[in-house]
Amino acid sequence: MTVEALIHNFKVIFHQNAKPQLFFSPGRINLIGEHIDYNGGAVFPAAITFGTYGAVTPRNDRKVCLYSGNFKECGIIEFDLDDLSRSQEEHWTVYVKGVIQQFVKAGYKIKNGFNGYIEGNIPNGAGLSSSASLELLIAEILQNFNELEIDMIEKVKLSQKAENEYVGVQCGIMDQFAIGMGKKDYAIKLNTHDLSYEYALADLKDYSILIMNTNKKRQLADYKYNERRGECEQALALLQTQKEIEHLCELSNQEFETIGAAILKDNVLYRRAKHAVTENNRVQLAVTALGKGDLEHFGKLLNESHISLRDDYEVTGRELDTIVELAWQQPGVLGARMTGAGFGGCALAIVKNQELVKVQEQIAKKYKAEIGYDADFYVASIGDGTKTLENC
């Protein structure tokens, strides 16, 4: 989306000649470390150059009026800052209301409403965190228009709380953190337990990140996400009878082998905990491998991550398994895995640049033959986090 198109669309929808302030908030990919951000693990995400754009002007009253170029059928959705209760009419603006509510609860004064044209190029339902992207976009707008003294990490925390407490999805903090704190050409090693983090140069040399969208909507993702989180909490409670830990990911692989089999008689709970512990270990190994430029080992760890998500955590599904296994078969692919909550959405692969076109063609052809409909492909670049744009 160009700046000119964004401004034009805002003026057409809101019949305003005033030039809007522009904002951008990216989507994210997680290179490795899936479903462990709520288990105290380390994750390795990055912001991408796909994202959500906003063209916004302040109002003189308490009304918020929003229009989405992605949900045109909804028209302009309005609500009042003095009534942030849930309603049947809110649709996608549930995330907006949730963030505003958290800012208010945290004591930040929101002076006036605003008009906003919102449009993103993150594929809906792809698992690239379009909801968290929107949440951070709104947080940035609130800070800008109300001149609030609030840093990005606090905006990240309030956005996560909006999703947990208002929307009702018990997500960890990884998505919001990667989106808010993203940095061009760098992935973020984030310890989700204490939010300590470090940037790691994501130098893939003559390889690229290929995002493979199964185009399977993630209807089960939110329900299963909460279910898996509950299973991990049950496993943790059992393990805490033998070792003083606060999170599953405090255990090493060896410690889990020692006490896990004896305590977790329930095979399902055992496998859920096993994924969390081993995935956390894979993150550490992957960061080291990427730092050394050992892309082959990095790719191997991606493959192992997908197998664990498929067999132990059971969050993949036919479409994701098919597209990942097809990627594994292609020359020039170092590794591939699902990314996001699972049950549809996207996978990523590390692909040699000179093989990118051929790899996409081969996977596309075989995926459609197997699944019955098309997959979509995007070559991802790692970009900056949420920001206010300079108007042209």
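The values are calculated or read from the model by the stated rules, or taken from the named source; none is laboratory data. Since the structure is predicted, the reported quantities are computational estimates derived from the model, not experimental observations. Note that we place each Cβ from the backbone using ideal geometry, even for glycine, and neighbour counts take in every protein chain shown.
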- Query: Within the range 261-272, is there a residue that is within 22 Å of the chain's Cα centre (by Cα) and farther than 30 Å from Gly372 by Cβ?
  - Reply: yes
- Inside the range 190-215, can you point out the residues that are in a loop (DSSP other than H, G, I, E, B), under 17 Å from the mean Cα position of the chain (by Cα) and within 26 Å of Tyr378 (Cβ to Cβ)? Thr214, Asn215
- Query: Of all residues in the range 102-142, how many are surrounded by fewer than 20 Cβ atoms within 10 Å (Cβ to Cβ), farther than 26 Å from His8 by Cβ and not aliphatic (A, V, I, L, M)?
  - Reply: 6
- Query: Taking the range 157-176 as the search range and keeping residues that are under 21 Å from Lys111 (Cα atoms) and hydrophobic (A, V, I, L, M, F, W, C), which one is surrounded by the most Cβ atoms within 10 Å (Cβ to Cβ)?
  - Reply: Ala162
- For the range 169-220, how many residues are under 19 Å from Lys292 (Cβ atoms) and not basic (Lys, Arg)? 14
- Selection from the range 243-285 of residues touching a residue at least 60 places away in the same chain (Cβ under 8 Å) and among the small types (Gly, Ala, Ser) yields Ala276
- Message: Can you tell me which of (1) under 14 Å from Met212 (Cα atoms); (2) β-branched (Val, Ile, Thr); (3) surrounded by fewer than 22 Cβ atoms within 10 Å (Cβ to Cβ) is the one Ile307 doesn't meet?
- Response: (1)
- Query: When you scan the range 49-101, how many residues do you find that are surrounded by 14 or more Cβ atoms within 10 Å (Cβ to Cβ) and of a type in the set (Lys, Arg)?
  - Reply: 4
- Task: List every residue pair whose Cβ atoms sit under 7 Å apart, with the two residues 6 or more apart in sequence or on different chains, where the first one lies in the range 171-192 and is of a type in the set (Lys, Arg) and the second, anywhere, is part of a helix (DSSP H, G or I).
- Result: Lys189/Val287
- Task: Identify, from the list Leu320, Leu334, Leu348, the residue that is part of a helix (DSSP H, G or I) and in contact (Cβ under 8 Å) with a residue 60 or more places away in the chain.
- Result: Leu320
- Query: Quick check, is Ile138 under 19 Å from Val287 (Cβ atoms), modelled with pLDDT of 95 or more and β-branched (Val, Ile, Thr)?
  - Reply: no
